[in-house]
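Peer 1: I am attaching a structure below and will ask some questions about it afterwards.
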Amino acid sequence: MTEHLRAHTKDTNVNSETLLTTDYLNHFNEIIMLLELVPSAPTKFAAELAGWQHESYEEHFTHSGFRDKELAIIGYRNAPEEVRRAFDSSVADLETEMVILLQQVQEKIAAGDTEGLSRLCNEAVPQLQNYIQITAGIVNGSVPGGPEAAETGTASNNDSVSAQSAVDALFD
């Protein structure tokens with residue numbers, strides 16, 4: 001089945017090795033863009049930020065207009081186990097950070113703390129972008145704890161290394 005799926009990835013955004021696509025990360029990138037804008041008009045973006053709901057990979061593509069959404073969903077289900085485990089762990093870390101941040105943003109908006117809101121968003125956006133980069137790396141074949149990481153010394157040999165560990169490794 002895996003080889004059959006890989007044969008269908010040509011001319012798509014689905015990675016032929018991992019069977020995943022970075023298009024899923026748009027679900028998070030849209031909120032990151034709003035977080036960059038919210039300090040300039042907090043009340044304008046508050047409702048949109050408050051309404052954000054995490055969607056799983058499959059949910060995202062089920063609801064999307066992505067041309068190859070069926071391939072993306074089937075690819076995810078058939079992705080190599082180590083890739084899928086690293087991807088799911090990284091997405092879970094990203095989701096956790098996003099949920100915590102969005103709660104903090106709402107608190108700053110409710111308190112009218114525009115200075116604190118600006119500082120919070122300015123500090124959080126680059127951190128979230130690091131999570132996105134790590135997750136995109138996994139989609140594109142760089143699994144934390146895998147052979148590529150061992151060669152560069154950027155992560156431990158534990159296949160379930162979290163995105164946070166990978167972010168920490170970037171700054172060591």
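Values quoted throughout were computed directly from the atomic coordinates according to the rules given, and no laboratory measurement underlies them. Predicted, not measured: the structure shown is a model, and the values here were computed from it.
Peer 1: May I ask you to list the lysines whose Cα is less than 27 Å away from that of K108, ignoring any residue fewer than eight positions away on the same chain?
Peer 2: K44
Peer 1: Could you pull out every one of the lysines with an alpha carbon less than 16 Å from that of K69, ignoring same-chain neighbours closer than 8 positions?
Peer 2: The reachable lysines, counting only those whose Cα sits under 16 Å from K69, are K10.
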